[in-house]
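The values are calculated or read from the model by the stated rules, or taken from the named source; none is laboratory data. Just so it is clear, the structure is predicted and the values come from calculations on it, not from any experiment. All accessible areas refer to the heavy atoms of the entire protein, side chains included, with ligands and DNA or RNA removed. Shrake-Rupley method; radii C 1.70, N 1.55, O 1.52, S 1.80 Å.
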Amino acid sequence: MRRKCRIWWPKELALSEPLSSNFLFGWFVSSSVSLDIVVAFGCCEGSLLHNQSGLEGTLHDANGNMPKFLQDKSKLSILGQHGVDLNSNGLLLSSGTKEDQRNSSICGNACVQKNRDTFRENHGHWTCGCRKYDGLLGQCTQASIGSSNWILLLNDFPEQCGGEIYRIPKLHHFHWNGQIVFQCDVHVILYDTPSYGGHHFSLHLWNSSEQVKADFKKPKWVDELHQKQPLVDLDTVILAINSAASAKIFFERHVAPRRPIVQFFIVCRFLTFIWQLFAMSMASLSTLFYFILQLLHILLSFGSQSWIYIKSARIFRSTWISIRIRCCQILYWPIFLQDNGLRSLSCVEYAEKAALRRHSMWSSLALDVLLGNLIGWALLYNAESACWWVMNFTGEITYKSMRSSCAWLMGAPAGFKLNTELAGVLGMVSLNAIQIWSTLSVFLGFLSIYIIKGLAISGILFGMTIPAALIIDFFLLATLHISTLHWLVSLVYSTQTQALADLWRLFSSTKIREAALIRIERSRMLWIQNSLGAGGRKWNPLRQRLDSYDYTVKQHVVGSLLFTPLLLLLPTTSIFYTFFSIVNTTISLICILIEVAISVIHATPYIKIFLWLARQRRFPSGIWFEIVSCRSNLIDDTAICSPDKFDSSSDNLHCTQNGGKSGILVSFLHSNFLSIGELVVPHYRNVFSGVFSSFFAKFTHGVLTGKRVASTLGTALPSPLPWMSIPYKEYWYLCYDSILACCRS
């Protein structure tokens, strides 16, 4: 089986023509049938020879900053050499190369020799064509050639694509676990080096790691399949590609000659000074809010066990939850904004996700406050108009509509013939409750202007979600009379329907018909009725089932007398219950819509949407390859298989195997990108998953049975964090350092 080698080559190396040989740095990722060589960067031979004293320590420190998963799979090392002139005489190759290639093509796969025969010195070169060096670099090179992996590449042919000319590297040979391989199938993959804020590669969906795992147990063969070594370890390869930029920066910082930075020094110092002033102002403002919140927390902690505190927390439940979430966001935003360490920054993918997590809280807080200011200032300037509109809406629509509807129900609604006495009682109770609440609202109407101004100020200071939660609580408080009437009518309706269901079980057995037949026999009727009772069914609350039960004739007579009037009064009760259920459902739906708006404000990933609009390449979702060309990899062969003549089903794919020649396939690595829906929908799914189905099921069951219906949807809001209490000076420095850390990153 022919060996396969994939060379992941940066485009910046392909676009530049090296004047001398370069040392390649990156990772070897080997599998059972192939070898992946991820080239991170190249270093000029001259600069590396002058700075080889700390090379081994630099590589060790660079590996220490890499992700732990990449460290377990592979190490950053010297991969080999790449250049045009590999010999001291200026020739392309020297002794032993042609013969080794010929022997390699004869054996069909690789030329395997003993190390002592393979790595003979020949005028400063090994016989395989690799150059010999002195000093620490020579030790690293010899160790790589003799015991591990090493690659020798030639900068051979240019390839034009998209208006640019790429110089594709050509494989001369590589050392693989002590063996020299000249002939193999090579796949050169050109990729753009990922950069923070630019782009990166990912094999999975952006939110795949955040999805909930399935509850069912996986079969045994699935675990065995995961334990097998994959043919291509793309996870490690993509992780190495995403870490290439960090490795290059770290290497150049310690090995490459440092260039003095003089340009734009004054501008940089001025921008740094401006950012420090901004950090100081934000830290001072946050510390002021922190002082106010701590003071309020201390005052509320004294009365936390009082009756007023408990009742107010129950009445203003939505407001308390929103205030607690907002206080935690104000307290904890500098902690979330801090860096998580250098290791998370070494991989561009990890750094991007860490940055999004760091900036998610303050961006949500900033957008919430911005919306609160936009609506709050508008409401504050038009407070009197808003108050007048609310009072008119309450007086003209709510109370007049409710009064006229109750009077309509007391007559013959929609042609139904109702019980006059029961309809009059229910109608008068409803009218009295509406009149009492209307009178109370008139006396307290002067407070409406202050309530509206309070909503506006709370939106300006704390964001849009606080006044929205206050609106829910005030709306439920203003419609308390309707909720009370609905509860009263639903209590009558549920009690009546339950009584009818229990009485119906008296007649649900066949023993009643047997007793009726027996009563025809007049001669034995009296004896049978006195000695035997009719049978029915009774609900067993312990076993939650219906059991048969023998009732007496007196119980049947009383049950029949109760069943008839309850059944005849059911239409009247049902009409009133239907009306108040519709009104109460409308109130609940309004509160649910506001609650959904609050949940959407909290769940929307504003920073992701902004970055997606600015640069969609920061959100990859899978990779794909664009094949450019296919040709022979033999040094003397110049035959080219152009893309327009290349057919995957033809013999061109197999010519390298049948003829003994190795082929080279050139392609570009590209990424798929998330759409705006794929980016946002998972966040909403986490908030509303299973909520609507369970709510509507409970809502329908409650309406049909006359039970109480919840006025909130119960969406998943951000969980409040524990209360934080640290010294004010420490909190100021925490905010200041967090903002400065954003500038440094």
Q.
Quick one: 3J(HN,Hα) in Hz for the range 456-469, Karplus 6.51/-1.76/1.60 with θ = phi - 60°, rounded, Gly and Pro as x.
A. 5, 5, 5, x, 5, 7, 10, x, 6, 5, 5, x, 5, 5
Q) What residues qualify as long-range amide H neighbours of GLU159, i.e. H under 5 Å apart, gap of 5 or more or another chain, H built at 1.01 Å from N? A) TYR166, ARG167, ILE168
Q: Leaving ligands, DNA and RNA out of it, report the carbon-plus-sulfur percent of the accessible area of the range 326-404 at a 1.4 Å probe.
A: 69 percent
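So with the 1.4 Å probe, I'd like the accessible area per residue for the range 326-469, rounded to whole Å². Present the calculation step by step, with values, prior to reporting the outcome.
Working: 7560 Å² over 144 residues.
Accessible area per residue: 53 Å².
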Q. Could you give the length gained on full extension between LEU234 and SER689, defined as 0.36 nm per residue of separation minus the Cα-Cα distance, in nm?
A. 160.5 nm
Q | Other-chain or far-sequence residues with amide H under 5 Å of GLY26's (modelled H) | A | ALA40, SER77, LEU79
